[in-house]
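Only one structure is covered here, and it is reproduced in the block below.
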Amino acid sequence: MTDVTYPSKNPTPRPTRSGGRAARHASRAAKLSDDMRPVRPGLSGGQYKPLSDADVARIHAAALTALEEIGLADAPPSGVAILTGAGAVQGDDGRIRFPRALVEDMLAIANRDVTLCGRDPAHDLDLSGTRVHYGTAGAAVHMVDVAGRNYRESTVQDLFDAARIVDTLDNIHFLQRPMVCRDILDNLEMDLNTVYATTSGTTKHIGTSFVEPAHVAPCIDMLHMIAGGEAAWRARPFLSNSNCFVVPPMRFATEACEVMENCIRAGMPVLLLSAGMSGATAPSTIAGAIVQAVAECLAGIVYVNAMAPGHPAVFGTWPFGLDLRTGAMTGGSGEQALLTAGCAQMHRFYGLPGGAAAGIADSKLPDMQAGWEQMCSNVMAGLSGLNMVYEAAGMHASLLGFCHESLILGDDLIGQALRCVRGIEVDDETLALDQMRAVCLGGPGHYLGTEQTLGRMESDHVYPALGNRMSPKEWAEKDKPDLIENAIATKERILATTSAAQFAPDLDAAIRARFTIHLPR
């Protein structure tokens, strides 16, 4: 597919003067058509490159050296067979080492044309090139109660509500499970209910993990029912496996690898997730943390393609920052933003679809600290051309808490980040010399009412849904609207409606007859 472009001349311009002010206001309030939207999923980034070409080459060489000389420990027996069968070498110390030629051969056959499907094809995500998509992720164990300024344990209802909210937000492009269902004690039931809650809440692409290898099969059975059969599922898998297949530094996660193998056999895309903590389970330097994450994910590429050549996989380098004074995670730091942007540049070097973390707030509430933390890394991730920006909205307390209201506010924030990704179009129309002549030489002396200004006001500008741009006088006259209160009201309005992703009654009944579903009907 070609990159998303924005023509200078609006294909379907909105009315400018006809119909009066009321008609213009009504026109602006209506949902924009796709060709008029100023931002959309899949905008091409890549303008920002924190690494020089020489830096990228050195990181690549260092990662290959790490794989060849250090290797990875703790592969399951099945993984040992797959990897050594492809040409990896198991030493006397049990570690699997990867000859450079093997890594290069597997990179050559890796899938570079990955599309992550939604249940609704309108939400398909094309991960080619530097196309950028923002979404949720994480395994928070708490929910943020913004009204009470408290934290409580997350539930399956909270997960379902998050999915329903994501389904309505234009700038949240996918739902990776952002929280754990703490109210379901049985791990198999938790995995099954995670699949049910997310798929019945949104038709966008979904990501989740599985606790044990044996849980994959019953979850796949449920997905077959939702898709309309195994063939339909394999043709358009709308849920992917978020798989922490390594335990940094440089060790395979034995059970997670077995989960991954089962998912691959079932036709499920996989996110190869390496999540080292800089200064603890990864080197403290930004470059070193990127080297280790790249090496671990290259090992994942070998693993996946040795088992199923060309299987859809996302190169998930997720190194995190650490406050070395306290040992606390620094998901909202400038260092985190650089880690993510540097990883995105390595994804481009390999030409592989990639994902990393951005938008994390260390702040406990959706406040000013959260705003600067979320915006900094989200903008840098987008500008660096990261295909999948995980954790982009709603995540607080360094991944320990998730907030529905922050998710809604994140839609506004990411809209502005996407506008930065879109960049500046320069052509004869946007240079505006004709407008300058008309306005300055005998014209009104301003641009407020020109055809060009009114004709481009929707396609060029991103307007916040909740962000307040009133003057102090108007703000006071409107009873001083509060951002958090408006986010709460928006949440309540969304959740008061029926989910557009809800299953047909007969399908829902069949799922509930076969599986223990904890959500009420």
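The values are calculated or read from the model by the stated rules, or taken from the named source; none is laboratory data. Everything quoted here is computed from the prediction, not taken from an experiment. Positions of Cβ are generated from backbone atoms using ideal geometry, with glycine treated the same way; all protein chains shown enter the neighbour counts. The area values use the complete protein model at the heavy-atom level, side chains included, leaving out ligands, DNA and RNA. Shrake-Rupley method; radii C 1.70, N 1.55, O 1.52, S 1.80 Å.
Relative to the dominant Cα principal axis of the chain, helix 100-109 is inclined by about 50°. Dividing the convex hull volume of the alpha-carbon atoms in the stretch 250-402 by its residue count gives 108 Å³ per residue. Calculated [222 nm] ellipticity per residue, helices only, for the chain: -13500 deg cm²/dmol; basis is -39500 (n - 2.57) per DSSP H run with n ≥ 4, divided by all residues, nearest 500. When nucleic acids and ligands are ignored and a 1.4 Å probe is applied, ASP170 ends up with an accessible area of around 70 Å².
Taking the square roots of 5 times each eigenvalue of the Cα gyration tensor of the stretch 220-269, largest first, gives ellipsoid semi-axes of 26, 9, 7 Å. Computed over neighbours whose Cβ is under 15 Å from that of ARG265, the net charge equals -3, Lys and Arg +1, Asp and Glu -1. Working ranking of peptides 42-49, 196-203, 348-355, 438-445 by packing, defined as the average number of other Cβ atoms within 10 Å per residue, highest first, is 196-203, 348-355, 42-49, 438-445.
Can you give me the orientation-averaged projected area of the convex hull built on the Cα atoms of the stretch 390-516, in nm²?
14.3
All other residues whose Cβ lies under 14 angstrom from that of GLY334 are scored, Lys and Arg at +1 and Asp and Glu at -1, for a net of -4.
Averaging the Cα positions of each part gives two centres, and for the stretch 30-67 and the stretch 252-307 these lie 20 Å apart.
Quantify, in whole percent, the carbon and sulfur part of the accessible surface of the stretch 191-295 (1.4 Å probe; protein heavy atoms only).
58
Across the stretch 78-234, the fraction of Cα-Cα pairs farther apart than 20 Å, rounded to a whole number, is 62%.
Between the Cα long axis of helix 187-199 and the first principal axis of the chain there is an angle of about 30°, rounded to the nearest 10.
The angle between the Cα long axis of helix 404-422 and the main principal axis of the chain comes to about 80°, on a 0 to 90 degree scale.
Starting from the Kirkwood radius over alpha-carbon pairs of the stretch 369-422, derive D by Stokes-Einstein at 10 °C in a medium of 1.306 mPa s and give it in µm² s⁻¹. My calculation gives 142 µm²/s for D. Under 13 Å from the Cβ of TRP318, count the other residues' Cβ atoms, weight Lys and Arg +1, Asp and Glu -1, and hand me the total. Its environment carries a net charge of -2. Cα-based radius of gyration for the stretch 108-175, normalised by 2.2 N^0.38 Å, reads 1.45. Rounded to the nearest 5, the antiparallel percentage of DSSP beta bridges internal to the chain is 35%. Among GLU258, GLU104, GLU485, the order of accessible area from largest down is GLU485, GLU104, GLU258, computed with a 1.4 Å probe on protein heavy atoms. Between PHE349 and ASN150, the contour length at 0.36 nm per residue exceeds the Cα-Cα span by 67.3 nm.
In the context of the full set of protein chains, the chain has a per residue accessible area of 42 Å² (1.4 Å probe).
Amide H contacts under 5 Å for PHE210: none, restricted to partners 5 or more places along the chain or on a different chain, H placed in the peptide plane at 1.01 Å from N. Tell me the label only: which of [x] 22; [y] 17; [z] 32 is percent of Cα pairs over 44 Å apart as calculated from this structure? Correct label is [y]. Per-atom-type breakdown for the stretch 366-521 gives carbon and sulfur 58% of the accessible area (1.4 Å probe, protein chains only). Every Cα-Cα pair of the stretch 431-485 was included, and the share exceeding 18 Å stands at 55 percent. By definition, a body whose alpha carbon gyration tensor gives a ≥ b ≥ c is oblate when a/c is 1.5 or more and a/b is not larger than b/c, and the stretch 54-113 fits this oblate description.
Extent along the principal axes, Cα only, for the stretch 271-328: 44, 16, 12 Å, with the longest axis given first.
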